[in-house]
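Okay, so here's the structure we're looking at.
Every number here is computed from the coordinates shown, using simple stated rules; none is lab data. Please read all numbers here as calculations on a predicted model, not as lab measurements. Don't worry about glycine lacking a Cβ; one is built from the backbone with ideal geometry, like all the others, and counts go over all protein chains shown.
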Amino acid sequence: MTRYNAPFEIHVHGDVPLRDDVVFNQIQDALKPLWQYAGARSLAAAAESAYEDEPGIRFDAEAHVLQMCWTVPGDEDFRQVIEEACMGLNEIASAGAPLEISFYDTEFDEEEAPEDEEARDDFMMCFVGPTPAAIMQVQRDLLVQDVVHMMERHFDASELGEVVGSIDKLFNQRFDALVNSMQLGKPPRGYGGPSGHGGPRKPRHLH
């Protein structure tokens, strides 16, 4: 249903690379939580953004990339909706990708608000990918980018190798813990376990 007087304008931004075999109906199914939230009966009906200068939700068939620059009115319940959509995108993504979700307070008036009152603007990052390793890889790459950018104000890039190495170590520990948790309760290989499945791949390290 259309949300009148919604407390937030919610902006979804990101590009998700998709597998070559993915067709439009699969994208529509993956994004069903989003277009239903917008009160539409199909992805095509909801693909337009609330703002004309934003491209909305588009599928670049040539590059096989889902492009999102889309605003919808909503509330805090959108957080659950975007998580459900990310689960659907995991099934059709070919690589890891970040999605930026911005919440803009529509009820806050900077000129009329008391001096000590602030807007309820908020921001969250979501990550999608075909495997846990692909998701961790894009998380790692973004963190390295942010940390290096901040520290380059004070240090030369050549001095930051140990910092990047420490970040890689943390992600390796997280990945190993994930692999161990996935293996709990599974029979040992060669004793009825699935053949030819090596579990999620370990994230590569980019130095």
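The residues packed around ILE82, meaning those with a beta-carbon under 12 Å from its beta-carbon, carry a net charge of -4 if Lys and Arg are +1 and Asp and Glu are -1.
Since only PHE175, GLN145, ALA157 are under comparison, the one whose Cα sits farthest along the positive direction of the charge dipole of the stretch 134-183, derived from C-beta charges on Lys, Arg, Asp and Glu, is PHE175.
For the stretch 8-129, with only Lys/Arg (+1) and Asp/Glu (-1) charged at the beta-carbon, what is the dipole magnitude about the Cα centre, in debye rounded to 20? Working shown, then result.
Details: 6 positive and 30 negative charges, 253 e Å.
For this selection, approximately 1220 debye.
Every Cα-Cα pair of the stretch 134-183 was included, and the share exceeding 12 Å stands at 66 percent.
Counted residue by residue at 0.36 nm each, then reduced by the alpha carbon distance between them, the extension gain from ASP156 to GLU118 reaches 9.9 nm.
Report the charge-dipole magnitude of the stretch 134-183 in Debye, nearest 20, computed about the Cα centre from +1 at each Lys and Arg Cβ and -1 at each Asp and Glu Cβ. Don't skip to the answer; put the middle values down first.
Details: 4 positive and 8 negative charges, 48 e Å.
Computed about the Cα centre, the dipole is about 240 debye.
Available extension along the chain between GLU107 and VAL65 is 11.7 nm, counting 0.36 nm per residue and deducting the alpha carbon span. Kirkwood hydrodynamic radius computed over the stretch 8-129 comes to 15.0 Å, based on all pairs of distinct alpha carbons.
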